[in-house]
Amino acid sequence: MYVCVCKAVSDKTIRQKVGEGLGSMRELKQCLGVGSQCGKCIQTAQQVLNQSIQDLYANNRIPCHLVEDRPAA
Ligand code: FES
């Protein structure tokens, strides 16, 4: 599903980039342009980002730069 229509960015692409190390909306915007035009996608993109990070934690595949931000168990 497209999350950002303006930049043709899908949820799959966001999940892939999170797996490669992106961990914030600012990074998604810089890397993919998400939210850089009309901005209507920002809330959904944030949800996909959060879910992707949670999935990585659940599977113990946490990108190194996110380790210090890991929520307490
Ligand atoms: S839908 Fe993402 S900037 Fe317009």
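Within the range 10-21, the presence of at least one residue that is in a helix (DSSP H, G or I), of a type in the set (Asp, Glu) and free of Cβ contacts under 8 Å to residues at least 60 places away in the same chain is confirmed. Quick check on LYS12: is it within 13 Å of the ligand (Cβ to nearest atom) and surrounded by fewer than 17 Cβ atoms within 10 Å (Cβ to Cβ)? Answer is no for this residue. One residue stands out among those in the range 45-63 that are part of a helix (DSSP H, G or I) and not aliphatic (A, V, I, L, M): the one that is farthest from the ligand (Cβ to nearest atom), which is TYR57. The set of residues from the range 22-44 being in a loop (DSSP other than H, G, I, E, B) and either more than 9 Å from the ligand (Cβ to nearest atom) or more than 11 Å from the chain's Cα centre (by Cα) (or both) comprises LEU22, GLY23, SER24, GLY33, GLY35, SER36, GLN37, CYS38, GLY39, LYS40, CYS41.
Taken together, the values in this text are just the output of simple stated rules run on the coordinates, not laboratory data. What you see is a predicted model, and the numbers here were worked out from it, not measured in a lab. A quick note on method: Cβ atoms are made from the backbone with ideal geometry, for glycine too, and the neighbour counts reach across all protein chains shown.
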